[in-house]
Amino acid sequence: MDQAGLTEADAAARLERYGPNAPPRRPPVPLYRRLAAQLRDPLIVVLLIAAVLTIATRDISDATVIVLVIVMNTAVGVSQEVRADQAISELAALAAPSARVVRDSAEREVPAAEVVPGDLLVLAEGQVVPADARLVEAVAFAADESMLTGEAVPVDKAAASTEESGDEVSAGTVVVRGRGLAVVTATGATSAMGRVAALMAAEPVRTPLQRRLTGVARVLAISAAVLCVVVLVLGLLRGQPLELMVLTGISLLVAAVPESLPAVVTLALALGARRMARRNAIVRRLPAVETLGSVTVIATDKTGTLTEGAMVVQRLWTFAGEVEVSGAGYAPEGTLFRNGRPVDPTEAPPDVVDLLRAGVLCTDASLLPPRTGAESWSAAGDPTEVALLAAGGKLGLTRAALERTWPRVGEIPFDNARKRMTTVHLLRPASYLVVCKGAPEVVLRNPLLSDGTDVLARAARRTEEYAAEGYRVLAVAGAERDSLPPADGPVAWEARLEDGLRLLGLVAIADPPRASAPATIAACRQAGIAPVLITGDHPATAHAIARQVGIEGVGGGEDRRVYARTSPEQKLAIIHAYRDRSEVVAMTGDGVNDAPALRSADIGVAMGRRGTEVAREASDLVLADDELATLVAAVEEGRRIYANVRRFLAYGLAGGAAEILVMLAGPFLGFPLPLRPAQILWVNLLTHGLPGVALGAEPAEGDLMRSPPRPPAEHILGAGLWQRVVRLAVVVAAVTLGVAVWAHATGRPWQSMAFLTLGATQLWIGLGSRARPGTLTNPFLLLAVVVAFGLQAAGVYVPLLRDLLETEPVSLPDLAVVCVVSFAGYVAIRLDRFLAGRRRA
């Protein structure tokens, strides 16, 4: 098998020929279906019936307004759906998986959609197989095929001497052990996963918030319907025509229920997710956006999240002494110092050469030199192994050159249960070198090592000292063998192969805390979110990092904030324990062993740069920059979106409730019909339209991340929101009726002035609902309010609209009175929010 892979030109030609490696896409929803869905909305159906009734009775003005409302509502709804779909499609593209392939003899990472038949895949533990392929090289390789076959036990796979006889791996299956190379045989719709996907027509699933709001809307609709019937009966008792009162009741029902709420929520969630993506937090599942606002615990891993993740070997320890290593990043450039004196690479001490040579040989990673446009060396594979390659490069030891001299002939891959990796290399005919590297607590023990107990005790003490300083420590051992044990069972063979090795030394790898980590942890605490460290690293290392970033106090008094040397089962148990205490947990992870906990957490968060594909598939959120600060920013975005939904509810419901109150109380003040049906619909259209949508784009309030998370069981109208709706509705109704009474008593066009006041007071409430009043943030809301008020005023000044709405002209002084009096809406909402803030404080 030619392991040079395809050329880039050949790959591009095949991509053109076979198409992208992606399952069949759900066809876009045609415009007519979107329109039909909007017109099937119960409230729109009611309006359509009303339009038919008014046309039948030759009430052309009311019919025109009703049809106009239907057209504008439908247009806004469709446009919001399209924008939301576009935003979600962009997110799907951002969250698309990637694959490792060999092209032009070099290993590289490409989007999985660009994998083509004939590509040479590099498969390793934790990866999702991107396409159907045939194994041409396999080492202890096993795949989880349960998603295709239902078989829960991983399936061992082998490669044969010819391409045609190797085992097949299927798209969508997961590599759970070992590594391999495979030639792609089928992609896209012709792959196993593509054929399954073709059988499914996945419909978009509504988020929990959307489902809760549907229930709220149902209750509101029933309540509003009852009140509208009361208005209808009162009107009939006062001698109003049946047709007029039926139309009035219908208009009130439409106005009372914020029918644009589902579209506003969908758009807010989708655009919020797109905003998160711009801040490197890629949402894979839309419900995660709303759940983020309730997070009470962030369970974070250490390497690459709290720390830089760019591993650098800084200390080497052998029985002959300690060596310090200079250099930064993954560049194989730097100097080794022993006793303060630089070590000449050509005359390096044998103990140091043996240690680094063994470390380089016992790796599966690759150190990639700078490419065109790149500024530094980069890693392909495990960062810890790349750090070993970089350290070896400082003595001129490269994996490619060493493996030409001592080719690998066998290996026991690393897994989380064993916490070590062993490779076998041919030294000369009938002579082998066995190398083992791993966690000191599993390597520094008999019978794996033949060294005496005093020697192992020295190494263990040095390990503790390094770990206490925050280093990650690896123990490296090796031995020459005249022969290899017979393969009479994997467990027995592994035990005999690793029996009686000699300790070569310790490698101390620095992974310093990110500069942003302390501030990020402080921000979590300020927001009422408890940070917890869960890591597979050494306890002393974990506690050292936890103290440096602020998760744990200097005295170590918060032991329950740090969990070290955790197994996958223990991580899962920790997450379940927090959830059993009604905590909402966001869990970060990057490896195969993290996947179960990521799925069980309320929010699973995978690393985008160093995370395995399995971790990303199990997650709800992917951090493209591996920064914990990005997760905190996503939590803030989740809180902002939820706050804006509540902001829109308070604004919309208060306006609808005020209109019902005006119609209920008006007859008792001498106004048989305070507002005409067309006027009610016009006010509703202007206030719930652009201003309502604009409220969904409000920025976060200044103290949003200084407040505790909202309780996950809290009702959407809870925490005093429904009481605010009632208070604001009473203010709007009182101001509107007050203007009507004064205008009527002084001979002014009272109904037109009430019409203007009702709309203007609601618009002032919209302005007062802003997260940051007095600033120019969210200028779209300011523009929307100005436009809405202009259209409201046009209803009494433009002859065509005046005829449709049955209004009368209002003098400019009277218009000024309306503007001044309606400012009470702004005062009411600001005072209400101020008092609510005082109560919270």
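The values are calculated or read from the model by the stated rules, or taken from the named source; none is laboratory data. Everything numeric here is computed off the predicted structure, so don't read it as measured data. Glycine also receives a Cβ, built like all others from the backbone with ideal geometry; neighbour counts cover every protein chain displayed.
Can you tell me which residue within segment 499-557, out of those that are charged (D, E, K, R) and within 29 Å of the chain's Cα centre (by Cα), is farthest from Tyr471 (Cα to Cα)?
Arg525
May I ask you to say which residue of Val614, Val605, Val632 is buried (at least 23 other Cβ atoms within 10 Å of the Cβ), at pLDDT 85 or above and in a helix (DSSP H, G or I)? Answer to the selection: Val632.
Here are Ala771, Ala788, Ala828, Ala784: which of them is touching a residue at least 40 places away in the same chain (Cβ under 8 Å), part of a helix (DSSP H, G or I) and within 30 Å of Pro708 (Cα to Cα)?
Ala828
Here is a yes/no grid of residues against (1) among the hydroxyl-bearing types (Ser, Thr, Tyr); (2) closer than 23 Å to Arg408 by Cβ; (3) surrounded by fewer than 20 Cβ atoms within 10 Å (Cβ to Cβ):
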{"position": "Glu441", "(1), (2), (3)": "no, no, yes"}
{"position": "Leu448", "(1), (2), (3)": "no, yes, no"}
{"position": "Gly452", "(1), (2), (3)": "no, no, yes"}
{"position": "Ala468", "(1), (2), (3)": "no, no, yes"}
{"position": "Arg472", "(1), (2), (3)": "no, no, no"}
{"position": "Arg481", "(1), (2), (3)": "no, yes, yes"}
{"position": "Asp499", "(1), (2), (3)": "no, yes, yes"}
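Counting the residues of segment 726-761 that are in a helix (DSSP H, G or I) and on the phi > 0 side of the Ramachandran plot gives 0. Can you confirm whether segment 530-548 contains a residue that is crowded, with 22+ Cβ neighbours inside 10 Å, in contact with a Cys (Cβ under 7 Å, 6 or more places away or on another chain) and either assigned by TED's automatic domain parsing to the domain that holds Ala439 or not small (Gly, Ala, Ser) (or both)? The answer is yes, given that some residue of segment 530-548 is crowded, with 22+ Cβ neighbours inside 10 Å, in contact with a Cys (Cβ under 7 Å, 6 or more places away or on another chain) and either assigned by TED's automatic domain parsing to the domain that holds Ala439 or not small (Gly, Ala, Ser) (or both). The lone criterion from (1) crowded, with 22+ Cβ neighbours inside 10 Å; (2) more than 26 Å from Ala142 (Cα to Cα); (3) not small (Gly, Ala, Ser) left unmet by Glu464 is number (1).
Here Leu292 fulfils each of the conditions (1) over 31 Å from the mean Cα position of the chain (by Cα); (2) part of a helix (DSSP H, G or I) apart from (1). Within segment 467-484, restricting attention to residues that are under 12 Å from Leu497 (Cα atoms) and not aliphatic (A, V, I, L, M), which residue is farthest from the chain's Cα centre (by Cα)? Result: Asp482.
Here Phe834 clears all of (1) assigned to a helix (DSSP H, G or I); (2) under 25 Å from Pro667 (Cβ atoms); (3) without any contact (Cβ under 8 Å) to a residue 24 or more places away in the chain except the condition numbered (2). For beta carbons closer than 7 Å, sequence separation of 6+ or different chains, a first residue in segment 569-585 that is small (Gly, Ala, Ser) and a second that is surrounded by fewer than 14 Cβ atoms within 10 Å (Cβ to Cβ) and not in a loop (DSSP other than H, G, I, E, B), there are no qualifying pairs.
Yes or no: His688 in contact with a Gly (Cβ under 8 Å, 6 or more places away or on another chain) and over 30 Å from Glu636 (Cα atoms)? Criteria not met by His688. Within segment 420-441, residues that are part of a strand (DSSP E or B) have Cβ atoms under 7 Å from residues that are among the small types (Gly, Ala, Ser) and at pLDDT below 90 in these pairs: Val424/Gly410, counting only partners at least 6 apart in sequence or on another chain.
Conditions tested, residue by residue: (1) under 23 Å from Ala740 (Cα atoms); (2) in contact with a Lys or Arg (Cβ under 8 Å, 6 or more places away or on another chain); (3) at pLDDT below 90.
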position	(1), (2), (3)
Gly795	yes, yes, yes
Leu805	yes, yes, yes
Val818	yes, no, no
Phe823	yes, no, no
Val827	yes, no, no
Leu831	no, no, no
Gly837	no, no, yes
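Answer yes or no: is there a residue in segment 716-724 that is part of a loop (DSSP other than H, G, I, E, B) and either touching a Cys at 6+ places or on another chain (Cβ under 7 Å) or among the charged types (D, E, K, R) (or both). No, segment 716-724 has no match at all.
A quick yes/no check of all residues on (1) surrounded by fewer than 19 Cβ atoms within 10 Å (Cβ to Cβ); (2) in the same structural domain as Pro674 (by TED's automatic domain parsing); (3) closer than 15 Å to Ala643 by Cα:
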| site | (1), (2), (3) |
| --- | --- |
| Ala700 | yes, yes, yes |
| Arg706 | yes, yes, yes |
| Val741 | yes, yes, no |
| Pro749 | yes, yes, no |
| Ile765 | no, yes, no |
| Gly774 | yes, yes, no |
| Leu782 | yes, yes, no |
| Val787 | yes, yes, no |
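When Trp764 is tested against (1) more than 39 Å from the chain's Cα centre (by Cα); (2) in a helix (DSSP H, G or I), just one condition goes unmet, and that condition is (1).
Look at segment 394-415: where a residue is in contact (Cβ under 8 Å) with a residue 12 or more places away in the chain and a partner is of a type in the set (Lys, Arg), sitting 6+ places away or on another chain with Cβ atoms under 7 Å, you get Leu397/Arg357; Leu402/Arg357; Pro413/Arg177; Pro413/Arg179; Phe414/Arg420; Asp415/Arg177. For segment 791-825, a tally of residues being in a helix (DSSP H, G or I) and over 30 Å from Gly702 (Cβ atoms) returns 22. Note on segment 296-348: enclosed strands (runs of 3 or more DSSP E) holding 3 or more residues that are over 42 Å from the mean Cα position of the chain (by Cα) are 321-325, 336-338. Annotation note: Cβ proximity below 8 Å between a residue of segment 444-462 that is under 17 Å from His538 (Cβ atoms) and a residue that is in a helix (DSSP H, G or I) (sequence gap 6+ or interchain) occurs for Leu444/Leu456; Leu444/Ala459; Leu444/Ala460; Leu444/Thr463; Arg445/Leu456; Ala459/Pro440; Ala460/Pro440. Within segment 713-733, the residues that satisfy the criterion of being closer than 14 Å to Ala836 by Cα and among the charged types (D, E, K, R) are Arg724, Arg727. Taking the criterion of being at pLDDT below 75, assigned to a loop (DSSP other than H, G, I, E, B) and surrounded by 12 or more Cβ atoms within 10 Å (Cβ to Cβ), the only residue of segment 368-398 that qualifies is Gly381.
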